[in-house]
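Dropping the structure in here first, questions after.
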Amino acid sequence: METKGAALSRHKTIEDLAQKSQVSVSTIDRILSGRGAVKPSTMEHVLTVAEQIGFYGTETIRNRLLGGAPERRFGFLLNSSNRHLYRSLATELVALVKKSVAVRGHVVIRHLDDTDPDLAASALLELGRECDIIACVCVDHPAVSGAVGELALKGIPVIAMISDISSPARAGFVGSNDWQLGRTAGWFASRLAKPGRAAVLVGSERYTCQQVHEASFRSFIRADCPDLRLTGTRATNESDDIAKTVILTLLKDVPDLTVLFVAGGGIDGICDGLAQAGREDIVVIGCEMTDNTRSLISLGVISVILAHPVGEIARQAVEAMIGLSLDPPVEPHAVQVTVPFSVVVSENC
């Protein structure tokens with residue numbers, strides 16, 4: 001008699017795939033061998049099931065579906081791979097392009113370890129020399145806008161992800177409603193923090209998403225939180241090490257700090273600094289979900305994370321890029337996708 005462990009470990013057979021897909025064995029055979037016609041919709045359904053059950057011939061099915069699909073090179077410009085958010089985003093983007101059956105997709109990913117706009121502009125132009133379409137997370141600056149405009153003239157669309165860019169030539173944007181995110185942070189601050197000072201930390205003044213987070217948070221606090229007084233915004237340069245130094249200095253300068261909105265990167269370093277100073281009493285609201293921040297939420301060190309849903313942003317971006325690569329846009333700003341952010345607290349992390 002076959003044990004449960006043996007059943008789980010054995011290769012899934014054609015019969016298993018046929019049963020799970022609710023099609024005949026002969027249909028599976030025609031898909032795998034390429035002999036005989038099978039409707040594309042049936043092949044897509046069988047491919048989905050094959051991926052789910054770990055069928056050994058999944059790639060063969062995918063190649064049959066691709067058939068004469070055109071080749072496209074997708075370029076992605078992301079922030080530092082040292083940050084969990086951008087490692088996760090890169091992994092999702094690669095997997096989604098690989099899974100597409102609309103194109104034979106190839107991926108080129110570049111990570112920037114600095115917020116220098118000239119480096120971002122150069123990286124975009126470099127990607128443009130080898131890619132058909134680009135999606136990016138980068139600072140907003142005239143140099144970046146110039147690079148996006150130059151690429152648009154060459155027929156290479158650029159989509160912004162997470163943080164928008166102001167270039168009139170960009171092909172679109174996929175990300176959250178940043179005004180709502182900042183005001184939601186203000187709402188939590190008004191209900192969780194004791195009377196005192198409120199501060200905002202951004203990664204860089206050049207990220208439009210963080211500019212809007214800060215402005216809307218401040219707007220809410222000024223209008224609805226008379227017991228909280230705002231202090232000056234400080235930047236972390238998207239670095240945990242710099243963020244730790246910044247928060248330790250801030251605690252000395254503003255001893256009555258009671259709430260902190262971390263609108264950019266560096267939240268792990270900030271929490272290290274708070275622990276070092278013995279100030280875990282401060283309400284911390286962040287925007288980035290990592291393994292460490294998830295643990296800190298459960299411990300009560302971080303009160304709330306208003307997280308960018310990486311998987312959905314990646315899915316929407318790749319879907320838009322595939323569409324634009326197959327049917328180039330006539331006008332700029334062809335893609336505008338708002339992906340709701342996630343609210344994570346100790347009870348749902």
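Within segment 250-282, work out how many residues are in a loop (DSSP other than H, G, I, E, B), farther than 19 Å from ALA185 by Cα and among the aliphatic types (A, V, I, L, M).
1
It is to be established whether one or more residues within segment 70-84 are more than 30 Å from ILE267 (Cβ to Cβ), touching a residue at least 24 places away in the same chain (Cβ under 8 Å) and more than 25 Å from the chain's Cα centre (by Cα).
So far as segment 70-84 goes, yes, one or more of its residues are more than 30 Å from ILE267 (Cβ to Cβ), touching a residue at least 24 places away in the same chain (Cβ under 8 Å) and more than 25 Å from the chain's Cα centre (by Cα).
Also, quick follow-up: Can you tell me which residue within segment 330-343, out of those that are touching a residue at least 40 places away in the same chain (Cβ under 8 Å) and over 16 Å from the mean Cα position of the chain (by Cα), is surrounded by the fewest Cβ atoms within 10 Å (Cβ to Cβ)?
Restricting to residues being touching a residue at least 40 places away in the same chain (Cβ under 8 Å) and over 16 Å from the mean Cα position of the chain (by Cα), the top hit is HIS333.
What pairs can you find where one residue is in segment 263-274 and assigned by TED's automatic domain parsing to the domain that holds ASP241 and charged (D, E, K, R), the other is in a helix (DSSP H, G or I) and at pLDDT 95 or above, and their Cβ atoms are less than 8 Å apart, with a gap of 6+ or different chains?
ASP268/ALA243; ASP272/LYS244
Testing TYR207 on (1) in contact with a helix residue (DSSP H, G or I) (Cβ under 8 Å, 6 or more places away or on another chain); (2) of a type in the set (Ser, Thr, Tyr); (3) closer than 21 Å to LEU85 by Cβ, one condition comes back false. Which one is that?
Every listed condition holds for TYR207 apart from (1).
Considering each of ILE302, ILE247, ILE285, ILE242 in turn, give the residue that is under 23 Å from PHE341 (Cα atoms) and not in a loop (DSSP other than H, G, I, E, B).
Working: ILE302 fails: not in a loop (DSSP other than H, G, I, E, B); ILE247 fails: under 23 Å from PHE341 (Cα atoms); ILE242 fails: under 23 Å from PHE341 (Cα atoms).
Of the residues listed, the single one that is under 23 Å from PHE341 (Cα atoms) and not in a loop (DSSP other than H, G, I, E, B) is ILE285.
Check SER176, SER145 and return the single one that is more than 23 Å from ARG315 (Cβ to Cβ), small (Gly, Ala, Ser) and in contact (Cβ under 8 Å) with a residue 12 or more places away in the chain.
None of the other options fit; the residue is SER145.
Those residues that are in contact (Cβ under 8 Å) with a residue 24 or more places away in the chain and part of a helix (DSSP H, G or I), I need them from segment 288-298; list them, please.
Hits for segment 288-298 are ASP291, ASN292, THR293, ARG294, LEU296, ILE297, SER298.
Looking only at segment 180-228, count every residue that is charged (D, E, K, R) and buried (at least 16 other Cβ atoms within 10 Å of the Cβ) and tell me the total.
Result for segment 180-228: 5.
Still on this structure: Within segment 48-71, track down each residue that is surrounded by 20 or more Cβ atoms within 10 Å (Cβ to Cβ) and in contact with a Ser or Thr (Cβ under 7 Å, 6 or more places away or on another chain).
The answer is VAL49, ALA50.
Let me ask something else about it. So for segment 38-45 (the condition being modelled with pLDDT of 85 or more, surrounded by 16 or more Cβ atoms within 10 Å (Cβ to Cβ) and under 31 Å from the mean Cα position of the chain (by Cα)), does at least one residue qualify?
no
Please go through segment 90-122 and pick out each residue that is closer than 30 Å to MET43 by Cα, among the polar types (S, T, N, Q) and surrounded by fewer than 19 Cβ atoms within 10 Å (Cβ to Cβ).
Passing the criteria: only THR91.
A quick yes/no check of all residues on (1) outside the structural domain of GLU214 (by TED's automatic domain parsing); (2) in contact with a His (Cβ under 9 Å, 6 or more places away or on another chain):
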residue: VAL284; (1), (2): no, no
residue: CYS287; (1), (2): no, yes
residue: ASP291; (1), (2): no, yes
residue: LEU296; (1), (2): no, no
residue: VAL318; (1), (2): yes, no
residue: ILE322; (1), (2): yes, no
residue: PRO328; (1), (2): yes, no
residue: GLU347; (1), (2): yes, no
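Here is a yes/no grid of residues against (1) touching a strand residue (DSSP E or B) at 6+ places or on another chain (Cβ under 7 Å); (2) outside the structural domain of ALA147 (by TED's automatic domain parsing):
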| site | (1), (2) |
| --- | --- |
| ARG35 | no, yes |
| LYS39 | no, yes |
| MET43 | no, yes |
| GLU59 | no, yes |
| LEU77 | yes, no |
| TYR86 | yes, no |
| ALA90 | yes, no |
| SER100 | no, no |
| ALA120 | yes, no |
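The values are calculated or read from the model by the stated rules, or taken from the named source; none is laboratory data. Since the structure is predicted, the reported quantities are computational estimates derived from the model, not experimental observations. Note: ideal-geometry Cβ built from the backbone for every residue, glycine included; neighbour counts use all protein chains shown.
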